[in-house]
Amino acid sequence: MYRKNAWLKYEDKKVVMDFAENYKKFITVAKTERLAVKEAVKLLEAKGFVNAEKVNKVALGDRLYFVNKDKNVAAFIIGSEPLEKGLRILGAHVDSPRLDLKENPIYESKGFVLGDTHYYGGIKKYQWTTIPLSLIGVVCKKDGTTVDINIGDNPNDPVVGVTDLLIHLSADQMEKSLSKAIEGENLDITLGSIPLNDKDKEPVKANVLKLIKEKYDIGEEDFISAEIEIVPAGEARDYGLDRSMIAGYGHDDRSCAYTSLLALLDTKEVKKTACCILVDKEEIGSVGATGAYSLFFENIIAKLFELSNENNVVWKARLALENSEMLSSDVSAAVDPLYSQVSDEKNAAFFGQGLVFNKFTGRRGKSGSNDALPEFYAFIRKTMDEAHVNWQTAELGKVDQGGGGTIAYILANYNMRVIDAGIPVLNMHAPMEVVSKVDVYEAYLGYKAFLVA
């Protein structure tokens, strides 16, 4: 099935289109890590998975999940083989490039009130101007309560945005390089322009703070302990006159997160314990308590041994991880017909040709790469072909063009066998990314085949 257009094997394309509709609903709602985890838990519980905090033992066939700080979720189906013989793992990330509000964000200038931001992840800054944006996140108050914020995604909500200089006055700006035309400190969002009265020193700011207080019962100081993300407003939409693609925010990497999760949900019995883990912070190096470098995953594997009444759980967790096999479910750069010069087309991902395997990612000289073992790659080839999954191979552009990474090398540090496997994307890291519906579906089929191989 290698290097063939996947659409051609579906005389009736309804199965692909129906799967895409459900994915569109997910990505429309799950615009932050917290919301992605929340939606994942809903899907897990609807399929009979139980929060591991509510169980005191595990047995063959049990379906359970762990949540870490509302930003990671790891779900398991306990297999018939001993856990120390290893797991089959699908690992994806649920964070995406965006803007974040700073700790002291709200200020008034020239009759406007603005929100000061810091961008997150690798972005082209100019792409984030003059588009409708939403404010989504949480505010944690000193009294211990947490307030959920979501402004802009409801069609009746106002939206915010980052302004840009009009073409008539942009002679100096147009002389700058793309990386300098919009400075990071100018990615501030406009929040309002009506003054509260003529007495306050900052009357527009006072009015916005009053509105926030009335709706959410939070004050300006509460933004210090908040996590407010600024993301594109609106729904994921069909893209192309033939409706073959999906335009939306956060395909990187929620397209792989969703398909990995669905593959686990739709799997029944397994020999090796099956796992889907969704992590945070991949876009900034997988650091912190919720990134792939965290000990969270190792700890919960040890917890599984503890719930199985095993001894020496730390060593057995390490042994289980070493014997595991993993697909690092992350997107690949698709060949763009307008910019094909950056790709080596013999070793590049194309829309419509299915799940993409990257033997290595990294940057010049494979720096920061996992570089999968050929023995494992051979197993993957056999698994995909026997399951009639359309798949292709790729590298991330020409050798000296640039590069990037995934969580593959981090999990490979446990000495497990890992390879990158994902969905080709156009406009990666932009506010509007594009994927092919059939590639999303083939990824789901490929992930499911891997779990039961």
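Just so you know, all these numbers are worked out from the coordinates, no wet-lab data involved. These numbers were taken from a predicted model, which means no experiment stands behind them. Cβ sites come from the backbone with ideal geometry, for glycine too, and all protein chains shown count toward neighbours.
Listing for the model above:
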item: In region 205-234, the residues that are outside any helix (DSSP H, G or I), small (Gly, Ala, Ser) and under 24 Å from the mean Cα position of the chain (by Cα); result: Ala226, Ala233, Gly234
item: Residue in region 288-309 that is assigned to a helix (DSSP H, G or I), touching an Asp or Glu at 6+ places or on another chain (Cβ under 6 Å) and surrounded by 23 or more Cβ atoms within 10 Å (Cβ to Cβ) present; result: no
item: Some residue of region 166-185 being touching a residue at least 12 places away in the same chain (Cβ under 8 Å), under 28 Å from Val434 (Cβ atoms), over 25 Å from the mean Cα position of the chain (by Cα) and surrounded by fewer than 14 Cβ atoms within 10 Å (Cβ to Cβ); result: yes
item: Enumeration of residues in region 39-67 that are of a type in the set (D, E, K, R), within 26 Å of Ile149 (Cβ to Cβ) and surrounded by fewer than 16 Cβ atoms within 10 Å (Cβ to Cβ); result: Lys42, Glu45
item: Sole exception among (1) over 30 Å from Gly161 (Cα atoms); (2) assigned to a loop (DSSP other than H, G, I, E, B) for Trp7, by number; result: (2)
item: Strands (runs of 3 or more DSSP E) enclosed by region 362-453 - at least 1 residues per element that are out of contact with any Cys (no Cβ under 9 Å at 6 or more places or on another chain) and within 30 Å of Leu295 (Cβ to Cβ); result: 417-422
item: Matching residues, region 85-125, being over 30 Å from Glu269 (Cβ atoms), touching a helix residue (DSSP H, G or I) at 6+ places or on another chain (Cβ under 8 Å) and in a loop (DSSP other than H, G, I, E, B); result: Asp95, Ser96, Pro97, Gly111, Gly121, Gly122, Lys124
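Residue by residue, here is whether (1) out of contact with any Phe, Trp or Tyr (no Cβ under 7 Å at 6 or more places or on another chain); (2) on the phi < 0 side of the Ramachandran plot holds:
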residue: Val67; (1), (2): yes, yes
residue: Val73; (1), (2): no, yes
residue: Ile89; (1), (2): yes, yes
residue: Gly111; (1), (2): yes, no
residue: Asp116; (1), (2): no, yes
residue: Gly121; (1), (2): yes, no
